Number of protein chains: 2
Amino acid sequence: MDFIKNPRAIEEKSMDLIDPFISDIDLTPEEVTVYSRMIHASGDVDYGHLIRTSEGAVEAGIKALAGGCNIYCDVNMVKAGINKRALSALGGEVFCRVADPEIARIAKEKNIARSMAAMNSFGTDLNGSIIAVGNAPTALYEAIRMVEEDGIRPALIIGIPVGFVGAADSKEQLVRRAPCPYITVRGTKGGSSIVASCVNALMYNLVKRDNMLYVQGKK
Amino acid sequence: MDFIKNPRAIEEKSMDLIDPFISDIDLTPEEVTVYSRMIHASGDVDYGHLIRTSEGAVEAGIKALAGGCNIYCDVNMVKAGINKRALSALGGEVFCRVADPEIARIAKEKNIARSMAAMNSFGTDLNGSIIAVGNAPTALYEAIRMVEEDGIRPALIIGIPVGFVGAADSKEQLVRRAPCPYITVRGTKGGSSIVASCVNALMYNLVKRDNMLYVQGKK
């Protein structure tokens, strides 16, 4: 069979093919890496015009990662999709608590979604971190609430729950309230793969994907 | 904030909203569950007309799962997205070897992609199983080759790599060659979330999502 066996060659060619679909958008070079990888992860060029980032959000995310920030996810699929070698090379860790028995107990006691209880449980650990929500609108709403009401200060919220109920509204709230730097996607589209690809794109501005021998500027 | 806090209520409402977008397609009730959940996982109603299943593929997958079949994935994100409680209630397990050091060694030695080496390493364990490919065209090509050349007999291939190079062609090959029952998506779209949602949809025909107290027909 005639196909490209080298994953890196596949990826580079993909990025070239995606380029024309975002060339009409006014983006910084760092934003281009994020947009491209999110389109790459969805196979859907429509993302180019659906992604919304607050001014400087991509740069804020990269800066936080360069400083070794942690990442807090709503679901284990986002955690699974994040390049842990790259994150570890930068000094960060990734956390997800939605499947913890303790969270299930709290959620039941308070009669709230587990995703919401899990987000809430991170508390002030979220300061300076990246919050990555790929599935649960309730987790995103809770993150927004914690910024607005509890004074939590994440470096960046990547909030891209997917679906037809709650998801679009939760993302619209993120854009309207803009509680802190954010990256999102308007409408129903999104999900864990997209969020993980966004986190990875931010990191690949700092570390080489394949070999983690150096961190840019820290060689 | 005014939103639905019950994830199950959100999901049921989602399925109702998705229904009009697939009502023009001639589907069995089981196929409806699969199509709906794949649209739910992508937030993209275009999937309705992009999904391709071979005749009886959905039923073949359900039957295999009812018999306790295992699931073999190309990447850990697919594994992370599969409902393990449901799978375990049915008697199956999920495997992914792409991150194994032994696979890395073999891939390097043979100068092939790790995804390909990982798929190949499953060998005859794939007989009667469900192969779930969400990321790597090379894994899907290898699975097709193993059926055609090595006489491997999976119950179902869910082959939905995402992307702009290799992915669309690998899925087109799956449709044209139809080496065994298959579920795929034409074009560039797809990915791990979509594949995991497809596996889960098949299982939810047999087990209740939330409580695994019974397997349908085996109460």
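The values are calculated or read from the model by the stated rules, or taken from the named source; none is laboratory data. Values in this document were obtained by computation on a predicted structure and should not be read as measured data. Counting neighbours? That spans all protein chains shown, and the Cβs are built from the backbone with ideal geometry, glycine included.
Number of residues in segment B:36-57 that are touching a strand residue (DSSP E or B) at 6+ places or on another chain (Cβ under 7 Å) and either charged (D, E, K, R) or away from every other protein chain (no Cβ under 14 Å) (or both) equals 4.
Out of the residues in segment B:133-179 meeting the condition of being of a type in the set (Asp, Glu) and under 17 Å from the mean Cα position of the chain (by Cα), tell me which one is nearest to the other protein chains (Cβ to nearest Cβ). Here the answer is B:Glu142. Counting only strands (runs of 3 or more DSSP E) that sit wholly inside segment B:83-179, those with at least 1 residues that are in contact (Cβ under 8 Å) with a residue 60 or more places away in the chain and under 19 Å from B:Cys69 (Cβ atoms) are B:130-133, B:156-159.
Residues of segment A:12-53 that are surrounded by fewer than 18 Cβ atoms within 10 Å (Cβ to Cβ), under 20 Å from the mean Cα position of the chain (by Cα) and part of a helix (DSSP H, G or I): A:Met15, A:Pro29, A:Glu30, A:Val45, A:Asp46, A:His49.
When you scan segment B:89-97, do you find a residue that is within 23 Å of B:Ala178 (Cα to Cα) and either crowded, with 22+ Cβ neighbours inside 10 Å or within 11 Å of chain A (Cβ to nearest Cβ) (or both), even just one?
No: segment B:89-97 contains no residue that is within 23 Å of B:Ala178 (Cα to Cα) and either crowded, with 22+ Cβ neighbours inside 10 Å or within 11 Å of chain A (Cβ to nearest Cβ) (or both).
So, of the residues in segment B:181-196 that are assigned to a loop (DSSP other than H, G, I, E, B) and buried (at least 21 other Cβ atoms within 10 Å of the Cβ), which turns out to be farthest from the other protein chains (Cβ to nearest Cβ)?
Quick first cut of segment B:181-196, residues assigned to a loop (DSSP other than H, G, I, E, B) only: B:181, B:186-191.
Now narrow it down to the ones that are buried (at least 21 other Cβ atoms within 10 Å of the Cβ): B:181, B:188-191.
Numbers: B:Pro181: 21, B:Thr188: 4, B:Lys189: 4, B:Gly190: 6, B:Gly191: 5 Å.
Restricting to residues being assigned to a loop (DSSP other than H, G, I, E, B) and buried (at least 21 other Cβ atoms within 10 Å of the Cβ), the top hit is B:Pro181.
Within segment B:171-219, the residues that satisfy the criterion of being at pLDDT 95 or above and among the small types (Gly, Ala, Ser) are B:Ala178, B:Gly187, B:Gly190, B:Gly191, B:Ser192, B:Ser193, B:Ala196, B:Ser197, B:Ala201. Name the pairs whose Cβ atoms lie under 8 Å apart, with the first residue in segment B:11-29 and more than 11 Å from chain A (Cβ to nearest Cβ), the second of a type in the set (A, V, I, L, M, F, W, C) and surrounded by 12 or more Cβ atoms within 10 Å (Cβ to Cβ), and 6 or more positions between them or separate chains? Matching pairs, first to second residue: B:Ile22/B:Val32; B:Ile22/B:Ile39; B:Thr28/B:Val58.
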